[in-house]
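Step one of this worksheet: look at the structure below.
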């Protein structure tokens, strides 16, 4: 598993995407799947910057990238505000249909819909002060 830490600045999105692209190429992921994963990670990092850290550019975002046979895992971690628990069905962090309710998500929260559409599985965890958004992409 590789790791990269970036500061929570919008201009660092490109660095996060480059790392995902390199990992996808090294794993032999097809281009379409790699582009989808890259977009999902861009949305996840943007959510950390905007929502977890409220645009505070001096906070850290950690990306852990792991591969297994025919799957990439990208874990986006931050120490900011966690996602509201009402966005998830159950304690294991699976994504809820509740995010389709316009009353629960503001317009800026639509990135979660994008992420959900682009990856095969999402897991949310909060542990030891870290918010963890795990994105699984099969290929």
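The values are calculated or read from the model by the stated rules, or taken from the named source; none is laboratory data. What you see is a predicted model; the values in this text were computed from it and never measured. Positions of Cβ are backbone-derived with ideal geometry, glycine not excepted, and every protein chain shown enters the neighbour counts.
Under the condition of being out of contact with any strand residue (DSSP E or B) (no Cβ under 8 Å at 6 or more places or on another chain) and modelled with pLDDT of 55 or more, which residue from segment 105-117 is surrounded by the fewest Cβ atoms within 10 Å (Cβ to Cβ)?
Filtering segment 105-117 for residues that are out of contact with any strand residue (DSSP E or B) (no Cβ under 8 Å at 6 or more places or on another chain) and modelled with pLDDT of 55 or more, the one surrounded by the fewest Cβ atoms within 10 Å (Cβ to Cβ) comes out as 117.
Look at residue 77 and say whether it is under 19 Å from residue 24 (Cα atoms) and at pLDDT 95 or above.
no
Do we find that residue 49 is in contact with a strand residue (DSSP E or B) (Cβ under 8 Å, 6 or more places away or on another chain) and free of Cβ contacts under 8 Å to residues at least 60 places away in the same chain in this structure?
yes
Looking at (1) part of a loop (DSSP other than H, G, I, E, B); (2) at pLDDT 95 or above; (3) surrounded by fewer than 13 Cβ atoms within 10 Å (Cβ to Cβ), find the lone condition where residue 102 falls short.
Going through (1) part of a loop (DSSP other than H, G, I, E, B); (2) at pLDDT 95 or above; (3) surrounded by fewer than 13 Cβ atoms within 10 Å (Cβ to Cβ) one by one, residue 102 breaks only (2).
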